[in-house]
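Written below as structure tokens is the structure these notes are about.
No lab work stands behind these numbers, since they all come straight from the coordinates. For clarity, every value in this text was computed on a predicted model and none was experimentally measured. Cβ placement follows ideal geometry from the backbone for every residue including glycine, while neighbour counts extend to all protein chains displayed.
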Amino acid sequence: MASRATGFGDAIAIRTGALLAMISLGPLGDRAFLAHFATEDEASSWTAAVRGKTWSGILDVVLAYRTAAVFADPDLVDLDHLEAELRQVDSPGGPFSEDEGTLIRLPVLYDGEDLPEIARRLGLTESEVVSLHSGTDYRVYAIGFLPGFPYAGYLPEGLSGLPRREVPRQQVPAGSVAIVGRQTGVYPNPSPGGWHLIGRTPLRIVDVERARFPIRAGDRIRFEPMSAQDFAARQGEFL
């Protein structure tokens, strides 16, 4: 099945009734669509709704902040028909639902190398930094930089605003939990990095060899403080 050229990239009107505020829907190559939304929450909600469909021919739905890409097999689905269906997708819960996406509970030992400096620069105690960071559920808005690296947000106001380190580290250990700007993330593998290290999780969050990537854009992460003893007991477990 193939797509006709007519109407393939038309703009979509902002909210009509209960429909989400999709700004536009257009082609991404010859076998995908890219949707733009007014907010990250609406993009996440729409992505969850599309992932919940049983339509044949959809290969993947990739969320990234205020956009969502739908990849399809044109031999299995008529792209014009799919486009029309995508235009009508709505989330039953409205523009955003706290229940959307999997809740990932990630234990963290808050002993990060940068924790004292983070506290000093933000005018907080280290305990206040930990309480703020672990007291919020974060939406994963994108996966990137490294395979399985979750870009999650947004940080509470009291933790927001730190720029990237002036001199990035040449090697950040796997499992490092870090913050920068309004975002937080977890390094899945050893890598250079310029974010501020706040703690560590003992869990492996990716298994590249087995293609296991349990955290997806649209999921939520809850960081849960743990002791050094518990960290040692769970070192190397897979999420």
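Okay, here's what the table says:
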{"item": "Interchain or long-range residues, amide H under 5 Å from residue 183's placed H", "result": "155"}
{"item": "Net charge, residue 148 excluded, C-beta distance under 11 Å - Lys, Arg +1, Asp, Glu -1", "result": "+2"}
{"item": "Relative contact order for the chain, counting Cα pairs under 8 Å that sit 6 or more residues apart, in percent", "result": "19"}
{"item": "Around residue 119: net Lys/Arg minus Asp/Glu count, Cβ-Cβ under 9 Å", "result": "-1"}
{"item": "Options (i) 16.4, 47; (ii) 20.9, 66; (iii) 19.9, 62 - which one matches Rg and Dmax of the Cα atoms in Å as calculated here", "result": "(iii)"}
{"item": "Gaussian network model of the chain, springs between alpha carbon atoms under 10 Å - residue of 32, 68, 217 with greatest fluctuation", "result": "32"}
{"item": "Spin-label zone in region 157-184 - amide nitrogen under 19 Å from a point set 7 Å from the Cα of residue 128 along the C-beta vector", "result": "157-163, 179-182"}
{"item": "Net charge, residue 178 excluded, C-beta distance under 12 Å - Lys, Arg +1, Asp, Glu -1", "result": "+2"}
